[in-house]
């Protein structure tokens with residue numbers, strides 16, 4: 001699924017998890033807004049989430065995912081599976097062209113309306129949206145050749161994506177959680 005909507009990038013290390021998203025909202029080839037927030041903290045700040053797709057859909061899906069987190073006492077894996085089942089079964093919601101990334105300090109998943117719950121092969125870096133290939137390539141290269149902090153790695157990778165992808169800008173919002181925080 002290719003979304004011409006945004007770029008979300010997430011990075012998880014043993015001590016810290018970070019998610020970032022650009023702020024551009026596009027309608028076709030027109031920029032409607034440049035400073036939207038497409039990432040948020042969930043479940044009392046213990047889970048991070050990012051969304052690529054329609055803004056109205058984002059609110060509905062984030063609320064629905066938050067409910068699953070409550071039902072599953074914050075267990076991200078169980079919540080992601082149940083959320084994806086619900087998303088896929090809902091006749092209206094499954095037609096949305098949308099994707100989400102959710103992560104905590106232990107797991108990182110890409111979720112879709114097709115019922116996909118995908119953990120990245122490396123278990124550390126995931127990206128969605130129109131600039132995702134650029135952002136993830138930059139993040140992998142920076143991870144391999146530097147020892148950057150997670151926030152710097154995500155910000156720099158999104159900045160690189162914004163230099164290439166016309167649907168991604170450099171108005172970047174970052175959120176992070178660290179080991180020992182909210183425990």
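Couple of notes before you dig in:
- Among the residues making up the stretch 144-180, those that are out of contact with any strand residue (DSSP E or B) (no Cβ under 7 Å at 6 or more places or on another chain), touching a residue at least 12 places away in the same chain (Cβ under 8 Å) and assigned to a helix (DSSP H, G or I) are 156, 159, 160, 162, 164.
- Residue among 111, 105, 61 that is part of a loop (DSSP other than H, G, I, E, B), at negative phi and either touching a residue at least 60 places away in the same chain (Cβ under 8 Å) or surrounded by 22 or more Cβ atoms within 10 Å (Cβ to Cβ) (or both): 105
- Per the conditions (1) surrounded by fewer than 16 Cβ atoms within 10 Å (Cβ to Cβ); (2) at pLDDT 95 or above; (3) closer than 17 Å to residue 38 by Cα, the sole criterion not satisfied by residue 126 is (1).
- Residue in the stretch 148-168 that is surrounded by 22 or more Cβ atoms within 10 Å (Cβ to Cβ), within 16 Å of the chain's Cα centre (by Cα) and at pLDDT below 95 present: yes
- Whichever residue in the stretch 116-142 is assigned to a helix (DSSP H, G or I) and without any contact (Cβ under 8 Å) to a residue 24 or more places away in the chain and, among such residues, is farthest from residue 20 (Cα to Cα): 141
- Strands (runs of 3 or more DSSP E) lying entirely in the stretch 1-52 (those with 1 or more residues that are surrounded by fewer than 18 Cβ atoms within 10 Å (Cβ to Cβ)): 16-21, 25-27, 30-33, 39-42
- Selection within the stretch 80-98 - in contact with a helix residue (DSSP H, G or I) (Cβ under 9 Å, 6 or more places away or on another chain) and either surrounded by 21 or more Cβ atoms within 10 Å (Cβ to Cβ) or part of a strand (DSSP E or B) (or both): 80, 83, 87, 98
- Failed condition for residue 68, given (1) more than 16 Å from the chain's Cα centre (by Cα); (2) surrounded by fewer than 21 Cβ atoms within 10 Å (Cβ to Cβ); (3) closer than 14 Å to residue 102 by Cα: (2)
- Check on residue 66, farther than 16 Å from residue 53 by Cβ, part of a helix (DSSP H, G or I) and in contact (Cβ under 8 Å) with a residue 24 or more places away in the chain: yes
The values are calculated or read from the model by the stated rules, or taken from the named source; none is laboratory data. Small disclaimer: the values here were computed from a predicted structure and weren't measured. Every residue, glycine among them, receives a Cβ derived from its backbone with ideal geometry; neighbour counts consider all protein chains shown.
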